[in-house]
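Let me begin by presenting the structure, written as structure tokens, before commenting on it.
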Amino acid sequence: MLKVQNLGFCVGSFELHDICLHVKPEEYFVLMGATGSGKSLLVKSICGLTRARSGRITIGGRDVTGLPPRLRGVGYVPQDSCLMPHLSVLRNVTFALEVAGESKKQAAGEIGPIVESLGIGGLLARSTVNLSGGERQKVALARALAHKPKLLLLDEPVSALDEPTRREICIVLGRVQREFSVATIHVCHSRQEAAAVHDRVGIMSEGKLIQTGTLDELTDGPADDAVRRLLCPPADKTID
């Protein structure tokens with residue numbers, strides 16, 4: 001579904017180095033790394049929020065390297081959800097469909113299965129201002145899925161949530177990803193979070209993608225100390 005070939009990008013003195021990544025159709029791929037390793041920058045390059053200096057990005061067999069975000073077939077959920085406070089929950093979810101030319105009635109009809117799956121029907125008439133953290137992330141996820149993306153990008157989607165809500169949203173993410181059969185990249189730095197959702201994991205360090213595999217494969221055979229430190233830290237709380 002996704003092929004990233006020799007992707008390079010610079011921000012000041014920080015550089016992504018010749019990133020190569022393949023994500024299979026319907027795969028849940030978790031991108032891990034310490035703070036500042038480049039994982040969020042890679043995701044923003046894939047969705048077109050930043051432009052790569054070199055390399056190629058292919059989504060669903062189509063070269064999207066030079067395309068703007070709206071033409072890439074990507075759904076993006078940023079860490080802070082970025083909901084629009086002047087619009088209702090319903091209008092936030094249907095926003096992309098309305099921009100694409102659908103009427104409000106058509107758009108509202110299209111999002112029915114997503115709304116039902118996420119259990120946010122009771123929120124549609126509400127403002128986004130007073131939603132809980134978990135509700136905000138469900139609305140942001142619904143918005144990202146509304147236009148039926150080929151690829152879903154989740155940039156630390158539960159990092160700002162409390163522990164019970166993190167567990168809940170990870171369960172929701174795994175279930176919805178399977179239900180809608182969408183290839184997904186989920187950025188995080190927690191082994192427990194990755195274990196709750198992943199099919200496969202990639203580890204980034206200092207702007208390089210240094211190893212990919214299942215958590216068990218990477219834990220049993222870490223490529224270097226960066227992988228070992230990330231996957232074998234002191235015990236922390238578990239996401240069941």
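The table that follows gives values for the structure above.
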item	result
For residue 205, residues with placed amide H under 5 Å, excluding near neighbours	210
Distant-in-sequence amide H partners of residue 76 (H built 1.01 Å from N, under 5 Å)	153
Only Lys, Arg (+1) and Asp, Glu (-1) charged, at Cβ; the chain dipole about Cα centre in debye	840 debye
Exposed trypsin sites (Lys or Arg not before Pro) absent: longest stretch of the chain, with sites in DSSP loops and at most 11 other Cβ within 10 Å deemed exposed	52-236
Whole-number D in µm² s⁻¹ for the chain, Kirkwood Cα-pair radius fed into Stokes-Einstein, 10 °C, 1.306 mPa s	87 µm²/s
Cα pair distances exceeding 23 angstrom across the range 58-171, given as percent	28 percent
Pairwise label distance in nanometres, residue 11 with residue 71, each label 7 Å out on the Cα-Cβ vector	2.5 nm
Least to most buried among 163, 26 (fewest other Cβ within 10 Å first)	163, 26
√(5λ) per eigenvalue of the Cα gyration tensor, the range 92-133, largest first, Å	19, 13, 8
Within the range 95-213: Cβ-based charge dipole about Cα centre, in debye rounded to nearest 20 (Lys, Arg +1; Asp, Glu -1)	180 debye
For the range 29-124, size of Cβ-based charge dipole, Lys and Arg +1, Asp and Glu -1, in debye	440 debye
Whole-Å distance, taken between Cα centres, linking the range 122-198 and the range 51-109	16 Å
Dipole of the range 158-240, positive end: most advanced residue of 172, 232, 197 [Cβ charges, Cα centre]	172
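Only the coordinates and a few stated rules stand behind these numbers; no lab work does. All values reported here derive from a predicted model rather than from experimental measurement. No Cβ is skipped: glycine too gets one built from the backbone with ideal geometry, and neighbour counts run over all protein chains shown.
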